[in-house]
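Reviewing the structure listed below.
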Amino acid sequence: MLSQVLLFAIFWGAIFSFNKAAKDAGVSVNTNTGTVSVNKDGNTAQIGEGVKLPDGFPSAMPIYSGAKLSAASKTNGTDYTVTATSNDSVEKVVNFYKTQLASNGWTIDSSSDSSDSSGKGTLISASTSTLNGSVGVYGGSGNPTTIIISVYPKSN
């Protein structure tokens with residue numbers, strides 16, 4: 001009986017220590033939303049089902065309607081990366097971004113397509129007077145379309 005109590009105390013002590021170390025490192029887990037977040041020295045990252053756009057994400061960069069965010073980060077206070085998925089086709093998502101980027105004041109600097117046996121994708125590079133951005137759209141047969149967005153300030 002004493003060994004079971006001791007084992008129980010060690011187990012809960014380890015859990016407490018782990019939770020404290022995670023909080024000290026800026027890690028939090030939200031079991032209600034299924035999201036893991038890291039917030040350390042002004043840099044943030046989220047992954048999971050309850051991901052939201054980072055504070056300050058540029059409103060000029062469109063987010064595909066109905067896309068489900070799965071990861072998002074903000075580094076250096078100004079650099080953003082967002083990953084999302086959609087059940088729509090690569091072509092439909094790419095057409096949305098080409099149209100919406102132009103409508104939101106972006107210049108499309110380049111667009112390249114690729115395909116292989118696992119699927120196809122398009123990488124769009126765009127800029128405004130103050131921002132650089134890229135949108136990668138990738139998909140394969142039977143899998144959701146993945147959208148990866150990066151936005152960061154132009155260097156002076």
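The values are calculated or read from the model by the stated rules, or taken from the named source; none is laboratory data. Because the structure is predicted, anything quoted here is derived from the model rather than measured. Because the Cβ atoms are built from the backbone with ideal geometry, glycine has one as well, and the counts that use them run over all protein chains shown. SASA here: full protein model, heavy atoms, side chains in, ligands and nucleic acids out. Shrake-Rupley method; radii C 1.70, N 1.55, O 1.52, S 1.80 Å.
Details
- Linear extension gain, Asp79 paired with Thr99, 0.36 nm per residue minus alpha-carbon span: 4.9 nm
- Note on Lys68: aspartates and glutamates with a C-alpha under 19 Å away, same-chain residues under 8 apart excluded, are Glu49, Asp55, Asp88, Glu91.
- Neighbours of Leu53, meaning other residues whose beta-carbon lies under 13 angstrom from its beta-carbon, give a summed charge of +2 when Lys and Arg score +1 and Asp and Glu score -1.
- Counting only protein heavy atoms and a 1.4 Å probe, the stretch 32-97 has 54 square angstrom of accessible area per residue.
- For the stretch 40-156, the residue among Leu101, Val90, Ser117 whose Cα projects farthest onto the positive side of the dipole built from Cβ charges is Leu101.
- Share of carbon and sulfur in the accessible heavy-atom surface of the stretch 59-115 [1.4 Å probe, %]: 44
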